[in-house]
Every structure is written in structure tokens, then in C-alpha cells.
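Since the structure comes first, as C-alpha cells, the remarks are kept for the end.
The values are calculated or read from the model by the stated rules, or taken from the named source; none is laboratory data. This is a predicted model, so every value here is computed, not measured. No Cβ is skipped: glycine too gets one built from the backbone with ideal geometry, and neighbour counts run over all protein chains shown. What goes into the accessible areas is simple: the full protein's heavy atoms, side chains included, and nothing from ligands, DNA or RNA. Shrake-Rupley method; radii C 1.70, N 1.55, O 1.52, S 1.80 Å.
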Amino acid sequence: MAKIAYEYFKVDPWKVIEEGFNPKRNKVSESIFSLGNEYMGVRGYIDEGASCDSLLGSYFNGIYENGVDHNASHYKGIVTNTHFMVNSVNWLFTKIYVDGDLLDINKANIKDFKRVLDFKTGDLTRSFSLITKTGKVVKFTFRRFLSMKTPNYGYQNFKIESNDDVEVKMDLGLDFSILQWGKNNYWNILKHDFNEKFAGFIGKTITTNQLVFSGYELESNTQLNSIPFTVGKIVGHHLNFTVLKNQAVFINKKVTNLVVKNNEINHETLWIIGLNKLENQNKYDIEFNDNIKYWDSVWSNFDIEIVGDDKNQQGIRFCIFQLQQTYHGVDESNNIGAKGLTGEAYSGHAFWDTETYCLPYFIFNNPNAARNLLMFRYNTLEQARKRAIDLDCKGACYPIATLNGNEACTLWQHASLQFQPSTAVAYGVWHYVKNTHDQAFLYNYGLEMLVEISRFMLTRGQWNAKHTKFGYYAVMGPDEFQMMVNHNCYTNYMAKKTLEYTIEVLSDYKSVDYEKYQELTSKLNITDQEINDYVDCAKAMYIPVDKDTLLYEQHEGFFDLPHIDVDSIPVEDFPLYSHWSYDRIYRNDMIKQPDVLMFMFLHNQDFDKETKLANYNYYEPRCIHESSLSPSIHSIFAAELDKVDEAVKFFGFATRMDIDDYNRNAHEGLHTTSIAAAWVNIVYGFGGFRSDGQDLVLNPIIPNMWKQYSFKFKYFGSLITVKVNRENIEITCDGKTVDMLVYNHKYHVGKEKLVLPVKNKRD
Ligand code: BGC
């Protein structure tokens with residue numbers, strides 16, 4: 001795991017700060033300084049543009065285009081029609097001329113460049129001073145933020161000051177002419193209009209017919225002499241004014257963006273609604289104060305505080321900030337892309353990462369958001385049903401990568417062989433219901449998904465020739481370095497759990513509400529025979545384990561694979577996908593990411609410490625952590641297995657993966673789902689939090705580098721704060737008393753603070 005930090009940003013507990021403009025780092029900065037509010041996301045690009053490498057990205061959650069992968073083979077079940085998040089309107093469109101010269105900070109003489117992202121306000125500020133050819137010093141300050149309260153609203157604000165009178169021309173506007181991947185534009189313009197202060201636009205995607213309204217109003221403390229214009233797919237205003245010596249000019253641009261994802265309304269109606277929203281849009285300061293209140297409540301409820309480690313303190317707050325910006329449960333039709341709304345890598349798709357890595361954060365901070373994430377899967381059940389049919393099976397097969405519920409992955413080995421998204425949805429339902437007791441969700445929505453997933457797992461699974469074991473042939477588990485294997489232990493184990501849970505919920509429902517149970521079984525056509533099949537297959541599910549060594553075999557035959565010492569692979573060979581022929585990675589026992597350890601993490605309390613230790617000791621040395629989702633799980637196990645130094649080592653880049661650009665690909669966008677894994681790493685790893693068993697468990701340890709840390713979570717409406725210092729742990733509960741197992745003893749944590757000596761070794 002030779003990953004090296006690129007330390008570029010200033011360390012600060014509540015901000016990310018960049019000092020000095022470095023064009024080579026611009027794309028990374030654009031990702032880091034991304035803003036989002038779930039509804040939309042915008043990279044931290046230079047408003048006025050700069051002649052350096054840039055990915056000018058402005059996205060809306062669920063706005064996508066269709067595409068065809070002509071290279072994909074055309075066998076049945078192999079996906080050729082794909083879809084991807086489409087780069088949308090640049091509502092920050094700006095050009096600036098100072099005394100006649102175009103401002104391009106990559107070429108101009110500038111000083112004191114600074115970009116600051118503030119986690120307490122959610123605003124991005126960028127400032128610098130331009131020294132003109134005639135020696136005037138003109139200071140520019142750009143600010144932008146997205147409203148967290150009304151997600152349609154965005155704000156852009158300029159302040160221009162000069163030590164001498166200076167003539168400024170600006171073009172401000174909305175630009176739908178952005179090229180996706182530098183190649184294609186996917187927008188048709190349906191309507192535009194403007195007056196002296198206002199401009200509005202409606203764009204429509206080419207094949208999906210989705211609509212985006214964007215409109216703005218300008219306000220200033222000076223006469224802007226504005227002339228509206230439209231050219232190509234840009235609409236805006238030419239502004240022409242003088243900045244007088246020592247008299248700052250302010251310009252505010254408040255922007256309303258509104259999307260129509262599924263033809264709910266036509267563009268004329270959208271126009272009227274859009275204008276109305278714009279008219280009611282608060283001024284900058286009012287909305288800004290509301291944003292401060294929003295972030296204040298986030299930090300009072302979800303903050304993780306680390307004393308004695310400024311870098312991880314900044315890192316984890318950056319993670320929470322970015323995760324919260326990406327998703328907080330506004331809308332059931334949204335999901336969490338692997339890169340969130342910060343870039344086009346992974347095409348904006350959501351993966352199984354949502355239910356396995358992100359869901360815990362939401363279950364324990366914002367259960368309504370967790371429910372909405374699961375509702376996304378319920379609302380896309382139809383597409384999953386179709387996919388199962390494509391694969392010659394029954395039930396529902398959830399996609400490996402998607403924005404709209406359809407499978408978007410054109411790599412057949414993933415789309416047709418990996419079933420962890422389906423079992424992850426079942427796991428998500430189970431995990432959510434277990435920790436919220438939301439029976440209404442379970443019976444109205446969850447159970448239907450469970451049945452359809454079980455049905456898929458039943459029909460995709462097979463009996464061996466002797467009819468003694470049931471399992472999955474020709475599959476790929478989470479470890480993507482082993483393709484077309486039989487009895488992948490993860491798949492078998494998670495399928496067994498899915499079937500067992502479905503049987504349990506069906507039986508509970510039958511006794512809780514027989515009438516409704518009958519309605520559901522007849523709607524889904526479930527027969528007693530089918531339920532008996534679930535029972536038989538779950539019982540016969542083959543879980544390859546060696547009773548002597550306690551080792552679970554990742555798949556049948558894994559233990560016989562040729563061994564490769566992963567430490568002997570030269571650093572220059574990484575990333576392997578670029579340096580090794582594709583099939584070579586499959587020819588040995590090297591793994592990309594946890595597979596056996598992954599199901600042991602998800603169902604942690606099914607396994608004893610000895611078994612976890614044996615499997616950790618076997619699989620960790622074979623893992624190259626090619627996926628950024630990998631180290632956190634290993635860190636959690638290392639912490640549980642009293643290997644604190646190793647836990648710290650794997651945690652090393654969790655919170656700062658993107659800030660320090662460990663994978664050298666932060667320019668493509670943030671690793672949003674790994675950001676969730678960083679939260680999981682602290683809470684489940686060092687906090688020893690477990691939520692998969694009978695009781696809620698806490699077993700905190702404290703790494704040497706920390707003087708103190710604390711985290712919070714919500715549990716059945718109570719807010720629990722866990723503070724760990726070098727001597728003690730303190731647990732406080734704001735709300736109803738909560739039962740939990742702390743260091744193997746049961747406590748009722750109520751108004752009175754629970755204080756216990758910290759144990760750095762687990763019993
Ligand atoms: C990992 C997958 C993951 C995907 C998106 C891949 O590299 O192997 O497990 O779902 O990235 O994060």
C-alpha cells in the first residue's frame with residue numbers, strides 16, 4: 001500500500017485552504033472545493049475561467065443521458081445501452097475584462113491568491129489581487145454557496161476593489177454549451193428570456209428529455225449598465241462599470257435551478273414555476289444565515305472531534321461535510337454516486353457502496369435519509385425485475401452501477417456476475433429495520449424487495465450434481481480479481497442471510513397481519529412451495545470453511561491458486577489495471593478488496609475473535625487495496641484484533657484520501673463513498689461500534705496519536721455522545737435511556753453520564 005500524501009492544502013479544523021494559484025493542481029482543487037446540496041453539485045472551478053486544465057462540472061442529481069457502448073458484445077444479457085450523469089448548465093458563467101484586458105489568472109500578474117471552503121457556512125471564497133499592466137491593484141473576491149434549506153437556490157457574489165479607478169466589463173450568465181468529456185454537448189435549448197436584471201433558460205437533454213430551468217437576478221451597489229445577450233447556448237448580461245478608487249463594487253447573482261426528471265410537467269409550466277421560485281428567492285445574506293444554521297445543526301449532531309491530530313480532524317470534517325452535501329435525504333429519487341456530484345468518473349453511478357458503506361452513517365444520524373436511500377431501490381424494483389429476466393432468472397437483480405435503476409455497466413463480468421448489489425439491498429433493509437424498528441417501511445416496501453431478491457438468488461443459484469450443496473456458479477464476488485468462480489463465499493453467505501431474513505419477515509408478517517400478508521403473497525405470487533425452497537436452499541447453502549484452520553475459502557479452489565507475494569510487485573506496476581494484461585490479475589491468489597472479511601464485517605457478531613483473526617491474517621497479506629473502499633475495513637478488523645498500530649496504518653489515509661490526493665486521481669472527483677468509509681472507520685474501528693447483533697455495542701480504544709476523540713450518533717431518537725480520552729470513556733445520552741453493551745457489560749445509559757476506564761485491548 002505504497003500511498004504517499006501530497007500535502008498541498010493548509011491544515012485547519014474547520015476549513016480547507018489553498019494559498020497561491022497552482023494551475024497544475026487546479027483540477028484537484030476543483031474537486032476538493034466542490035459544493036453540493038444533494039439536488040445539485042458544482043465543482044470548485046474558477047468562475048471566470050482560466051487557461052489551464054479544468055473540469056468545469058455542474059451536475060444535478062438524477063439528470064442523465066443515454067449512450068450506447070458499441071464495443072460491448074451483443075450476447076443476451078450483456079448490457080450495451082448505458083446511461084451517465086450529464087454535465088449541465090454552468091450557472092456561474094463569468095468573463096471579466098479589466099481596463100480592456102481579459103482576466104485569465106493563469107496568465108495575469110496576480111498575488112495573494114486564496115481559496116477557502118468553510119465547513120461551518122458551506123461557502124467557497126476565492127480572492128486575489130490583479131496587478132494591471134499600468135500597475136493598478138484590483139482585488140477580486142468571489143463567493144458562492146448552495147442553499148441547504150431550499151436546494152434549488154445557488155448564489156454567486158463578487159466584490160471588486162481597486163487602488164485606482166478602473167474600467168470593468170463583465171459577462172455574467174448561464175451556459176448550456178458545456179462539452180461532456182470535452183466532446184459532446186447534450187442540451188437543446190427550449191426557451192430563454194431576459195431583461196435588464198434577469199435571464200432565464202430551459203435546457204432539455206437530447207435522449208432522456210429531462211428539463212433544467214435556470215434563471216437568475218442581479219443586484220449591485222453600483223450602476224451596472226447591463227445589456228442582456230444571447231449567443232449559442234449562452235444567455236446573460238454584458239456589464240460595464242467603473243470601480244472607483246477605494247470604493248468596493250458588490251454584485252450578487254441569485255440563481256434558481258429546477259429540474260424535471262420524468263416529464264412530470266412540460267417546459268411552459270416549468271418556466272412559470274421557475275420564475276416564481278426565483279421571485280421568492282431570498283437575498284444572499286438571509287439565505288447565507290440559514291445555511292449557517294443548517295451547518296450548525298449538522299455539527300452539533302454529527303461532528304467527530306479529534307484532539308491532538310489536526311490533519312485527521314480536518315480530514316474527517318471534510319468527509320462529513322462532503323457526504324452531507326452529497327446526500328441527506330431530500331428526495332427518494334436520489335442516490336449517492338461513487339464520486340457524488342463532484343466529477344464524471346464512474347459516470348455518476350451509484351454502486352453497492354450505498355447500502356454497505358454509506359447507509360450506516362445515515363441510519364445513525366438521519367434515519368429518514370437512510371429510508372429514502374432504500375426507497376430509491378424500491379422505486380427501481382421494476383428495472384431490477386427486468387434485469388433478472390435478462391439474466392434468465394426470476395425476481396429482482398439490482399444493478400452494479402446505476403442512476404435510474406437500469407444496469408449501466410457495460411462490462412459483462414461485473415454486470416452479469418456480481419450480485420452483491422442485490423444482497424446489499426436486502427442487508428440494508430435488515431440493518432435499517434434492526435436499528436429503527438420501522439415496521440411500516442418493512443411491510444409496505446422492504447418485504448417486497450426481500451422477496452424479489454430472494455427469488456432472484458433462488459433462481460440464479462444452483463444445486464451441485466449430487467444435490468448436496470446449493471450456491472452460485474460462475475460469479476464474481478466483491479473481490480474483482482477473481483472472475484467466474486464457483487461458490488464465492490461472500491455471495492453464498494449473503495444469499496443465505498437474505499433468504500433467512502425473508503423467511504423470518506414473511507412469517508412475522510403472517511402472524512402480525514394475516515390479511516395484508518395474503519394480499520402481498522397473492523400480489524407477488526408467493527407459494528408455500530417457494531418459501532420451502534428458500535428454507536431448503538438457505539440450509540444447503542455451501543459456505544466453504546476449513547474447521548481446523550477456521551479459514552473461510554473465498555471461493556471453491558481459492559486455497560489452491562498460485563501464490564503471489566503482493567509486496568514483491570514493483571511500485572511502478574500500479575495501478576495494475578494499466579500495467580498488467582487484464583487476465584493476468586486473475587491468475588493468482590491476490591485480491592483487490594475484502595471479500596471474506598467483508599461479510600465478516602457486515603455480520604460481525606456471527607464470528608468469534610479467533611475466526612476473525614485467522615481470516616484477517618490470511619487475507620490481509622493477499623490484498624492490494626486497489627479499491628479505496630478496502631483499507632477502512634481492514635482498519636476496523638485490526639482495531640478489533642488488538643493490532644492498534646496496524647489499524648492506525650490502514651486508517652492513515654482514510655480521512656485525507658482526497659485532500660492529500662493519495663490515489664493521484666482526486667482531479668476526477670472525490671471518492672464520496674470512501675468518504676463514508678472514513679466515518680465508518682472511526683466509529684466502528686476505534687469506537688468499536690457494532691450494530692448487527694442483539695445489542696448495540698461499543699468497545700472504544702484510543703490510538704496513541706490522539707489525546708481525545710468523540711463521536712455522536714442517534715439511536716431511537718436519542719443523541720448519544722461518546723468521548724474517549726487517554727484515561728476514560730464518557731457516554732452521554734440526550735433523550736430516552738438507551739441500552740448498550742460497553743466492554744461486554746450491559747448499561748442503561750440515561751441522563752447520567754457513564755464513565756469507564758478506557759481499555760485499549762479487547763477482551
Ligand atoms: C470497487 C467496487 C466499488 C466501485 C465503486 C470499484 O473499484 O471494486 O467494489 O463498488 O469501485 O466505488
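When each of K736, K723, K649 is tested for being open to solvent by 10 Å² or more (accessible area, probe 1.4 Å), basic (K, R) and in a loop (DSSP other than H, G, I, E, B), the lone residue that passes is K736. Being without any contact (Cβ under 8 Å) to a residue 40 or more places away in the chain and more than 16 Å from the ligand (Cβ to nearest atom) is the filter here, so list the residues in region 377-430 that pass it. Selection gives T380, E382, Q383, K386, R387, I389, G405. The residues in region 1-27 that are of a type in the set (A, V, I, L, M, F, W, C) and open to solvent by less than 10 Å² (accessible area, probe 1.4 Å) can be counted, and the count is 1. Elements of the type helices (runs of 4 or more DSSP H) sitting completely within region 348-397 and holding at least 3 residues that are in contact with a helix residue (DSSP H, G or I) (Cβ under 9 Å, 6 or more places away or on another chain), open to solvent by less than 10 Å² (accessible area, probe 1.4 Å) and over 25 Å from V79 (Cα atoms): these cover 359-363.
Could you tell me whether K111 is modelled with pLDDT under 95 and of a type outside the set (G, A, S)? No.
Note on region 458-512: residues that are of a type in the set (A, V, I, L, M), within 15 Å of the ligand (Cβ to nearest atom) and under 24 Å from L442 (Cα atoms) total 1. Of all residues in region 310-321, at least one satisfies being open to solvent by 30 Å² or more (accessible area, probe 1.4 Å) and either assigned to a helix (DSSP H, G or I) or more than 16 Å from the ligand (Cβ to nearest atom) (or both). Out of all the residues in region 412-420, is one or more touching a Leu at 6+ places or on another chain (Cβ under 8 Å), open to solvent by 10 Å² or more (accessible area, probe 1.4 Å), more than 30 Å from G717 (Cβ to Cβ) and in a loop (DSSP other than H, G, I, E, B)? Taking every residue of region 412-420 in turn, at least one turns out to be touching a Leu at 6+ places or on another chain (Cβ under 8 Å), open to solvent by 10 Å² or more (accessible area, probe 1.4 Å), more than 30 Å from G717 (Cβ to Cβ) and in a loop (DSSP other than H, G, I, E, B).
Applying the condition of being open to solvent by less than 20 Å² (accessible area, probe 1.4 Å) and of a type in the set (S, T, Y) to region 625-646 and asking which residue is farthest from the ligand (Cβ to nearest atom) yields S635. Residues of region 678-720 that are among the small types (G, A, S), in a loop (DSSP other than H, G, I, E, B) and either open to solvent by less than 10 Å² (accessible area, probe 1.4 Å) or within 15 Å of K753 (Cβ to Cβ) (or both): G687, G688, S691.
Taking region 275-293 as the range and being part of a helix (DSSP H, G or I) and touching a Lys or Arg at 6+ places or on another chain (Cβ under 6 Å) as the test, only D290 passes.
Checked against (1) part of a loop (DSSP other than H, G, I, E, B); (2) within 16 Å of the ligand (Cβ to nearest atom); (3) buried (at least 19 other Cβ atoms within 10 Å of the Cβ); (4) not β-branched (V, I, T), N663 passes all but condition (3).
For region 179-201, the set of residues classified as surrounded by fewer than 20 Cβ atoms within 10 Å (Cβ to Cβ) and assigned to a loop (DSSP other than H, G, I, E, B) consists of L179, W181, G182, K183, N185, N195, E196, K197, listed by residue number. Out of the residues in region 421-452 meeting the condition of being surrounded by fewer than 24 Cβ atoms within 10 Å (Cβ to Cβ) and of a type in the set (D, E), tell me which one is nearest to Y534 (Cα to Cα). Among those that are surrounded by fewer than 24 Cβ atoms within 10 Å (Cβ to Cβ) and of a type in the set (D, E), it is E448. Selection of region 486-513 for residues being within 29 Å of the chain's Cα centre (by Cα) and open to solvent by less than 30 Å² (accessible area, probe 1.4 Å) yields N488, C489, Y490, T491, N492, Y493, M494, A495, T498, L499, Y501, T502. Taking region 575-617 as the range and being in contact (Cβ under 8 Å) with a residue 60 or more places away in the chain, more than 16 Å from the ligand (Cβ to nearest atom) and either of a type in the set (A, V, I, L, M, F, W, C) or surrounded by 19 or more Cβ atoms within 10 Å (Cβ to Cβ) (or both) as the test, the residues that pass are A614, N615. Inside region 446-494, residues that are in a loop (DSSP other than H, G, I, E, B) and not hydrophobic (A, V, I, L, M, F, W, C) make up a count of 16. Scanning region 147-168 for any residue that is farther than 15 Å from I96 by Cα, open to solvent by 70 Å² or more (accessible area, probe 1.4 Å) and not in a loop (DSSP other than H, G, I, E, B) turns up nothing. The set of residues in region 666-677 that are over 15 Å from L55 (Cβ atoms) and assigned to a helix (DSSP H, G or I) comprises T672, T673, S674, I675, A676, A677. Over 24 Å from D660 (Cβ atoms), more than 12 Å from the chain's Cα centre (by Cα) and within 15 Å of the ligand (Cβ to nearest atom): does that describe S347? Yes. Selection within region 557-567: residues that are at pLDDT 95 or above and open to solvent by 40 Å² or more (accessible area, probe 1.4 Å). The member of this set that is farthest from F650 (Cα to Cα) is D560.
Looking for something hydrophobic (A, V, I, L, M, F, W, C) and in contact with a Gly (Cβ under 7 Å, 6 or more places away or on another chain) - is there at least one such residue anywhere in region 734-749? Looking through region 734-749, none of the residues is hydrophobic (A, V, I, L, M, F, W, C) and in contact with a Gly (Cβ under 7 Å, 6 or more places away or on another chain).
Let's see how each residue does on (1) open to solvent by 50 Å² or more (accessible area, probe 1.4 Å); (2) out of contact with any helix residue (DSSP H, G or I) (no Cβ under 8 Å at 6 or more places or on another chain); (3) modelled with pLDDT of 95 or more; (4) closer than 26 Å to Q247 by Cα:
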| position | (1), (2), (3), (4) |
| --- | --- |
| L55 | no, no, yes, no |
| I63 | no, yes, yes, no |
| M85 | no, no, yes, no |
| D99 | yes, yes, yes, yes |
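Among all positions in region 332-341, there is at least one residue which is surrounded by fewer than 24 Cβ atoms within 10 Å (Cβ to Cβ), of a type in the set (S, T, Y) and either at pLDDT below 95 or within 27 Å of K434 (Cβ to Cβ) (or both). Could you tell me whether region 88-101 includes any residue that is farther than 30 Å from P399 by Cβ, in a loop (DSSP other than H, G, I, E, B), more than 32 Å from the chain's Cα centre (by Cα) and of a type outside the set (D, E, K, R)? Yes, there is a match, as at least one residue in region 88-101 is farther than 30 Å from P399 by Cβ, in a loop (DSSP other than H, G, I, E, B), more than 32 Å from the chain's Cα centre (by Cα) and of a type outside the set (D, E, K, R).
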